[in-house]
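Enquirer: Take this structure, written in structure tokens, and hold onto it; I'll ask about it next.
The values are calculated or read from the model by the stated rules, or taken from the named source; none is laboratory data. All values derive from a computational prediction rather than experimental measurement. Every residue, glycine among them, receives a Cβ derived from its backbone with ideal geometry; neighbour counts consider all protein chains shown.
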Amino acid sequence: MGATILIADDLSFMRMIQKEILTERGYTIAGEAADGLEVVEKFKSLRPDLVLLDITMPNMNGLEAMRKIFTIDPHARVIMCSALGQQNLIVEAIKAGVKDFIVKPFKPERILSAIEKALRV
Amino acid sequence: MSGIEETRLRRAFLEESEELSQKLGESLMALEADRANALLVNEVFRLTHSLKSESALMGFGTLSELAHRMEDVLGCARDGSLSLGKPVMDSLFAGADLIAEMMAAIAKGGSDADFKTGDVLQGLSEARGNGHDRPPAPSHAAPAQGGQPNEALPGITATVEAAPITLGAFEKLQLAEARDRGEDLLRLTVSVDEGEPMKFPRAYLVFSNLEAVSNVVKVVPPMEGETAEDSVYGRTTILLTSGSEEEVRRAASRVDQIAEVKVERCRFEAFLSAAAVDAFIVPVPGLWTAGAFAGGGPETATTSAGQDEQARRSESPEARRTGPVEKTSIRVDTRKLDDLWSLIAELVLHKSHIARLSEDIGRGKDVHTVREELVESFDSLDKISSGMQQTMMDTRMIPISVIFSKFPRLVRDLSRKLGKPVDLLLSGEDTEIDRSIVEALSDPLTHIIRNSLDHGIEFPEERVRRGKNEKGRVSVTARRQGGTIVIELEDDGRGIDAESIRRKAVGMGVSGAESFTEAQLLDLVFLPGFSTKEVVTDVSGRGVGMDVVATRIRGDLKGDVVLRTEPNRGTRVTLLLPLTLTIVNALLVRGDVQLYALPLTDVDSTAKLVSAEIRGEEGHESALWMEEEIPVYSLGALFGSGRRRTDEYFAAVLRHGDRKAYLVVDELIEEREVVIKPVDDLLNSQKMFSGVSVLENGKLVFILDTSFIRREHF
């Protein structure tokens, strides 16, 4: 069984696409979250190998959620999804310890190669 | 290097250097007033040094040499071996002027080599004292600070594999310690994938990973503080020390979207050698890709091929003389861009939301629920779009200090030339104004100040005779007043005698001049043909080309200019300018079937007019407003078949400068924003419109240029 991945994005459409891409490659979807609070809760209970985290989400943005996740597990592997132009947010995320980031709109192979690299660590 | 890249480089160079050149002028002014100020000496030194280095990189040898000689003089002043007397200051001013002229020529596609620098260089070397004279620098470029021959400067050829790195004292200390610890010195060249849309964060991620496993000494271009534009981070050079090369390689390769990481071992000595010790780094944002660093190479020194290329390029006239480079880039406060980006992020979010709603309808979801969500989404989109519009407008605003900062120099030079001591007072320099307006304002303001000194301010003896302070005073103030920027230029000179303007006007046959008020008389100064030098100088000594000022302000900038004067007390010219030219808040009105927009800055209020209150015959009607008798116009009469007769009319009270008028309309519709587009000359033969706008429903709206209420007096 492939590594387990938690997907967090407030758009169900986006989650759907990511789910498809990942399951096709053999990953297991540990769970889905639609906002920052939910992803932190789910991370706590599911302990996935990796979190695919959207940077702009309601209730607690991706950056804050990531910081919370790191307090639960400092070695958590988080990949941030962002839109073009959120450069400052990404740099913040890097400073906070994000493993990699993906810029929307992305091609499936981008997600996959970023995840593979992050999981190798 | 491709032509495009060269143009980009020139543009970056011009932008940077024009600013340096301008600052040089300002700092010299400050230094002249405070010659013992070591900070100012250092500042001027730094500016000449930067100008020298940048121009040398671009192959502008004449400019570079001039800056270099100025730097020499300042170097002596800095170490105390030369005092900043008048001859020294004058020679520095002359040098700064020449540099400004060269920059202007280069911007227009010319060359610095067209300028004769002999006299100025002579002046500089005399100022410095003949005893210290050194042989002239090579003609095409000046040596770098650390005694490095200029050939060592990597040229503007971008074939350099990695940017050579020069280190400061602190960084060298780090290197020495690492060497003692037995670590390796590695230089990494990190190339980001071409397709990566955000290169800086990508490079930053590598840098951040490397920091975790090694001691990063230097990154070019820099990752912290003043960073360069994103595309420049396509290739980053990182110098670090580490105990494990393997670990460094792993950390760098963990990041996705990295095309290549080249790792080279370097000798510590290459960076710690005497030659590299004093190398002075001038960061040149925007020029990083060209390898803007001097000295301190890796094990293999700068290749000889690179040197040949540099030498060839420096001598080839094409290097210096390409087509004019238009200044198309702008500087924007990054916070404003960040605001814009977060709004765009929200916009993207709502776009997907709406897409999902349409899918929902397809899936047969309850239409009422979907509609509610749609309304909600629309509200958000509305907020986002007005936010974006506001932010976009903000990015167009720059402080007026951009122009004001030129005035001290202007006044200083004129005052010397004319022999009239003058104090200049500036205030409100931080007032922000649309950049397109700023550019167009420079000439008229300069013109008015010139006039003040030339014709307004009297000679010292005359001032004393008139019981005034020997020194004249000119003040320039800017402030924002609602949607208008007010700029006032005031002098305490001799003023203008309105009565002599009247005599002149009557003589010229201006109709009604006998009964003109003083304001109307003074306004004549702005008429073409009236304000020729002979005429107005005869009258009062003012008015070289005031018609040009008026055309620019009233015509091009849709503003107004008002002149007030009092004999022997002085003259005040007030400019009223719109904040921005592209979007205006306007009152939408209807005349017959046509819609018109009245810019709110020109609308005082709206009113109901009873026909009995209107006096006079058609075409020359007036009515009371407050306690003032003001003209009554009507849209119907101006553009259509005439005003239809009723007992009651709707009207807007227009104001332009200090004039007011009623404008009768058929309907007052609403206040709203309209985007101004240029209007076709055919439609605007009467110059009644400042533009047109198209509403969402496709209807055309004419934006009324309310200055006609002033014109109608003549």
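Enquirer: Give the stretch B:221-235 a look and list any residue that's more than 14 Å from every other protein chain (Cβ to nearest Cβ) and either in a helix (DSSP H, G or I) or at pLDDT 85 or above (or both), or say none.
Expert: Matches in the stretch B:221-235: B:Gly234, B:Arg235.
Residue-wise test of (1) of a type outside the set (Phe, Trp, Tyr); (2) modelled with pLDDT of 80 or more.
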| residue | (1), (2) |
| --- | --- |
| B:Leu374 | yes, yes |
| B:Ser377 | yes, yes |
| B:Lys383 | yes, yes |
| B:Met388 | yes, yes |
| B:Met393 | yes, no |
| B:Phe404 | no, yes |
| B:Arg412 | yes, yes |
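Enquirer: Which one is farthest from the other protein chains (Cβ to nearest Cβ) among residues in the stretch B:180-207 that are surrounded by 18 or more Cβ atoms within 10 Å (Cβ to Cβ) and modelled with pLDDT under 85?
Expert: Only one residue fits best here, namely B:Glu196.
Enquirer: Look at the stretch A:91-121 and say how many of its residues are among the small types (Gly, Ala, Ser) and at the interface with another protein chain (Cβ under 8 Å from one of its Cβ atoms).
Expert: So the count comes out to 3.
Enquirer: Follow-up question, since we're still on this one. If I filter the stretch B:473-517 down to residues being assigned to a loop (DSSP other than H, G, I, E, B) and at pLDDT 90 or above, which single residue comes out as surrounded by the most Cβ atoms within 10 Å (Cβ to Cβ)?
Expert: It comes out as B:Gly493.
Enquirer: Still on this structure, please answer the following. Only one of (1) away from chain A (no Cβ under 14 Å); (2) surrounded by fewer than 23 Cβ atoms within 10 Å (Cβ to Cβ); (3) touching a Ser or Thr at 6+ places or on another chain (Cβ under 9 Å) is not met by B:Glu245, so which one is it?
Expert: Only one criterion is unmet by B:Glu245, namely (3).
Residues are listed down the side, and each one gets a yes or a no for (1) polar (S, T, N, Q); (2) within 27 Å of B:Asn37 (Cβ to Cβ); (3) crowded, with 24+ Cβ neighbours inside 10 Å; (4) outside the structural domain of B:Leu40 (by TED's automatic domain parsing):
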site	(1), (2), (3), (4)
B:Leu66	no, yes, yes, no
B:Met89	no, yes, no, no
B:Met102	no, no, yes, no
B:Ala107	no, no, no, no
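Enquirer: Between a residue in the stretch B:337-358 that is at the interface with chain A (Cβ under 7 Å from one of its Cβ atoms) and without any contact (Cβ under 8 Å) to a residue 12 or more places away in the chain and any residue that is β-branched (Val, Ile, Thr) and crowded, with 17+ Cβ neighbours inside 10 Å, which pairs come within a Cβ distance under 7 Å, given they are 6 or more apart or on different chains?
Expert: B:Ala345/A:Thr56; B:Leu349/A:Thr56
Enquirer: How many of the residues in the stretch A:1-10 are within 17 Å of A:Ile102 (Cβ to Cβ) and either surrounded by fewer than 17 Cβ atoms within 10 Å (Cβ to Cβ) or among the charged types (D, E, K, R) (or both)?
Expert: Summing the residues that are within 17 Å of A:Ile102 (Cβ to Cβ) and either surrounded by fewer than 17 Cβ atoms within 10 Å (Cβ to Cβ) or among the charged types (D, E, K, R) (or both) in the stretch A:1-10 gives 2.
Enquirer: Sticking with this one: Return only the number of the condition from (1) outside any helix (DSSP H, G or I); (2) crowded, with 17+ Cβ neighbours inside 10 Å; (3) not acidic (Asp, Glu) that B:Asn469 does not satisfy.
Expert: Every condition holds for B:Asn469 apart from (2).
Enquirer: From the residues in the stretch B:408-449 that are hydroxyl-bearing (Ser, Thr, Tyr) and not in a helix (DSSP H, G or I), which one is surrounded by the fewest Cβ atoms within 10 Å (Cβ to Cβ)?
Expert: Going through the qualifying residues, I end up with B:Ser427.
Enquirer: Further question: Can you confirm whether the stretch A:110-117 contains a residue that is farther than 24 Å from A:Ser12 by Cα and of a type in the set (Val, Ile, Thr)?
Expert: Within the stretch A:110-117 (the criterion being farther than 24 Å from A:Ser12 by Cα and of a type in the set (Val, Ile, Thr)), the answer is no, since none of the residues qualifies.
Enquirer: Are any residues in the stretch B:628-658 buried (at least 20 other Cβ atoms within 10 Å of the Cβ) and of a type in the set (D, E, K, R), and if so, which ones?
Expert: Matches in the stretch B:628-658: B:Arg643 only.
Enquirer: Only one of these conditions is not met by A:Ala3: (1) closer than 22 Å to B:His353 by Cα; (2) more than 13 Å from every other protein chain (Cβ to nearest Cβ). Which number is it?
Expert: Only one criterion is unmet by A:Ala3, namely (1).
Enquirer: A further question follows. Looking only at the stretch A:6-23, count how many residues are more than 14 Å from chain B (Cβ to nearest Cβ) and either touching a helix residue (DSSP H, G or I) at 6+ places or on another chain (Cβ under 8 Å) or assigned to a strand (DSSP E or B) (or both).
Expert: Qualifying residue count, the stretch A:6-23: 5.
Enquirer: Kindly establish whether B:Gly419 is at positive phi and not acidic (Asp, Glu).
Expert: It is true that B:Gly419 is at positive phi and not acidic (Asp, Glu).
Enquirer: Among the residues of the stretch A:57-79, which ones are within 10 Å of chain B (Cβ to nearest Cβ), outside any strand (DSSP E or B) and surrounded by 21 or more Cβ atoms within 10 Å (Cβ to Cβ)?
Expert: Result: A:Met57, single match.
Enquirer: Given the conditions (1) within 14 Å of the chain's Cα centre (by Cα); (2) more than 9 Å from every other protein chain (Cβ to nearest Cβ); (3) hydroxyl-bearing (Ser, Thr, Tyr), which single one is not true for A:Ser82?
Expert: A:Ser82 satisfies all of (1) within 14 Å of the chain's Cα centre (by Cα); (2) more than 9 Å from every other protein chain (Cβ to nearest Cβ); (3) hydroxyl-bearing (Ser, Thr, Tyr) except (2).
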